[in-house]
Amino acid sequence: MSRRSPVTRQLTLAICGAVAAAVLLAGLVALGLIRHSYDGQARSTLHREAGLVAELASRAANTRPTNPVSRVLSNTGIELVRVRANGRRLGTFAIDQADLTAAQAGQTLSTSRLIGGHRYLVEVAPVASDGGVVLAQRSSVAAAVTRTVLRRFLGALAIGLLCAGLFGALLARRISRPLVDAASAAHRLAAGERDIRLRPDGPAEVADVAESLNSLAAALATSEGRQRQFLLSISHELRTPLTAIRGFAEAVADGVAVDGDAVAAGETIVAESNRLQRLVSDLLDLARLGADDFRLDLAEVDLTSLVADAAAVWSARCLSLGVLFSAELPPAPVFVRTDPTRIRQVVDGLAENALRVTPSGAPIVLSLGLSSEATDAGSPAAAVISVRDGGPGLTEADLPVAFDRSVLYERYRGVRQVGTGVGLALVGALVGRLGGTVNAGHAPEGGAAFTVRLPY
């Protein structure tokens, strides 16, 4: 796996690259403008000098008026040739024949020529009634000033580019520092640290990453805390039936429990084994609910018949404990498309939870109905199954977390009868997978009410 470059380096290179491209583009444009400006200025200067020399030649009375001027101009790198109207020329510089002809004819000409392997700027100016003068200056001499300006300009560009690079590096480091901190925090989270908190610095998106990591760390700490409590409670619940099974089994094995005692010991072992099996089954179902391959056998189910069958079973169990059980069923079948086994598991889970906390002489009500909320077609929107009890009930703070695993178990352990901390969590997960909703509330019987709504 190739090692990726750090974000600071990437940002630095990106910023410096963008700045360098902008500076170079501006430099190229500026260089062209400067070069063009100074070329035009050099030609304009040479043109003015040609005009001055022509005017001096027109006023001169001697036959060689250009000699002093020629020496002055030669010191500045300008060659001068005087051409009279009769074709006579004064000056030794090898001027192009076309320029000599133009000067002899008294014409004005501004051009460039390749003379002796070098490029020259050439200006021809007429002398009044007697030919003209030709001035030639090597382009490299004319561009000397341009090169000086260009060198200074390039130096300024280099300094600007260096400053931009330093600024880009500082800017990249400032932008990437929160991201680097976030990456470090993520690695620490993966290593098991949970007390990580980041300051939401930098741009809004980077600050959102920091806040998300803070939320993730807090959520992981809460989740792992609940998981530890859940494992502790499950360990306790597993230990209780296992201890009973082992104790009575040893009594039978040692011959201590004989005849009627052996039968009682066997019954206890069977009961505790069933309790242990139910707990393990609930745990397995709860774990499987998160898997994609969790199986649901959907069919058209008559909830009236299903709830009536459940009511017959729970009525007998409540009667044996002195709890007043009643069922409220509609007179007609209520058909929904669902998994009958899972729905019966939900009803049994809620009824068992109610029976555990309901004292003798208090009521438990199992009811089935249709919601009062209607669809656009006017038909009922949901079938409603509820289990109400006359037990101690739930507080307002309990209602939002009633189906969170082990939350109520931890709150009421040692205060009143509690289960394994799995039952209500399993009910909530099952109903969710079946496409329904379940919520907890207060029952008119004085205890808790758990209501399941299934799409109708």
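The values are calculated or read from the model by the stated rules, or taken from the named source; none is laboratory data. As the structure is a prediction and not an experimental result, all values here were calculated from the model. Note: ideal-geometry Cβ built from the backbone for every residue, glycine included; neighbour counts use all protein chains shown. Heads up: the accessible areas ignore ligands, DNA and RNA and are worked out on the full protein's heavy atoms, side chains in. Shrake-Rupley method; radii C 1.70, N 1.55, O 1.52, S 1.80 Å.
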Worksheet, complete the sentence: The condition from (1) under 26 Å from THR12 (Cα atoms); (2) open to solvent by less than 50 Å² (accessible area, probe 1.4 Å) that VAL180 misses is numbered (2)
Item to complete: Could you please let me know if LEU394 is over 43 Å from the mean Cα position of the chain (by Cα) and either modelled with pLDDT of 90 or more or not acidic (Asp, Glu) (or both)?
Response: no
Item to complete: Give the residues of segment 58-86 that are at pLDDT below 70 and assigned to a loop (DSSP other than H, G, I, E, B), sorted by residue number.
Response: ALA60, ALA61, ASN62, THR63, ARG64, PRO65
Worksheet item: Considering segment 380-401 alone, what residues qualify as being over 30 Å from PRO333 (Cβ atoms) and open to solvent by less than 20 Å² (accessible area, probe 1.4 Å)?
Response: GLY391, GLY393, ASP398
Worksheet, complete the sentence: LEU366 passes all but one of the listed conditions (1) under 19 Å from PRO444 (Cβ atoms); (2) buried (at least 19 other Cβ atoms within 10 Å of the Cβ); (3) modelled with pLDDT under 95; the exception is number (3)
Worksheet item: Of the residues that sit in segment 414-456 and are in a loop (DSSP other than H, G, I, E, B) and among the polar types (S, T, N, Q), which one is most open to solvent (accessible area, probe 1.4 Å)?
Response: GLN417
Discussion item. Checking the structure you have, find out if any residue of segment 259-267 is β-branched (Val, Ile, Thr), out of contact with any Gly (no Cβ under 6 Å at 6 or more places or on another chain), at pLDDT 90 or above and assigned to a helix (DSSP H, G or I).
Written reply: no
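Take the residues in segment 193-221 that are in a loop (DSSP other than H, G, I, E, B) and open to solvent by less than 40 Å² (accessible area, probe 1.4 Å), then tell me which one is nearest to PRO178 (Cα to Cα).
Taking the candidates together, the pick is LEU198.
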Discussion item. If I filter segment 100-114 for residues that are open to solvent by 50 Å² or more (accessible area, probe 1.4 Å), modelled with pLDDT under 85, over 30 Å from LEU157 (Cβ atoms) and out of contact with any helix residue (DSSP H, G or I) (no Cβ under 6 Å at 6 or more places or on another chain), do I get at least one hit?
Written reply: no
Worksheet item: If you scan segment 87-106, which residues turn out to be of a type in the set (S, T, N, Q) and either within 16 Å of GLN137 (Cβ to Cβ) or in a loop (DSSP other than H, G, I, E, B) (or both)?
Response: THR92
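Anything in segment 334-357 that is more than 15 Å from ALA316 (Cα to Cα), among the acidic types (Asp, Glu) and open to solvent by 40 Å² or more (accessible area, probe 1.4 Å)? List them, or say none.
Initial filter on segment 334-357 (more than 15 Å from ALA316 (Cα to Cα)): 334-347, 349-350, 353, 357.
Next cut, among the acidic types (Asp, Glu) only: 339.
Once the filter is applied, which keeps residues that are more than 15 Å from ALA316 (Cα to Cα), among the acidic types (Asp, Glu) and open to solvent by 40 Å² or more (accessible area, probe 1.4 Å), segment 334-357 yields nothing.
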Worksheet item: Condition test on LEU296, is it touching a Phe, Trp or Tyr at 6+ places or on another chain (Cβ under 6 Å), under 26 Å from ALA383 (Cβ atoms) and in contact (Cβ under 8 Å) with a residue 60 or more places away in the chain?
Response: no
Discussion item. Residue pairs, Cβ under 6 Å, 6 or more apart or interchain, first in segment 214-229 and at pLDDT below 75, second part of a helix (DSSP H, G or I). List them.
Written reply: GLN229/GLU410
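Listed here are the residues, each with its yes/no results for (1) surrounded by 13 or more Cβ atoms within 10 Å (Cβ to Cβ); (2) modelled with pLDDT of 80 or more.
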| site | (1), (2) |
| --- | --- |
| ALA253 | no, yes |
| VAL256 | no, no |
| ILE269 | yes, yes |
| GLU272 | yes, no |
| LEU283 | yes, no |
| LEU286 | yes, no |
| ALA291 | no, no |
| ARG295 | no, no |
| LEU303 | yes, yes |
Worksheet entry | Selection count, segment 307-355, where residues are among the β-branched types (Val, Ile, Thr), over 52 Å from the mean Cα position of the chain (by Cα) and assigned to a helix (DSSP H, G or I) | 1
Worksheet item: When only residues in segment 33-57 that are among the acidic types (Asp, Glu) and open to solvent by 60 Å² or more (accessible area, probe 1.4 Å) count, which is modelled with the highest pLDDT?
Response: GLU55
Item to complete: Please verify whether segment 128-148 includes one or more residues that are within 30 Å of LEU13 (Cβ to Cβ) and at pLDDT below 85.
Response: no
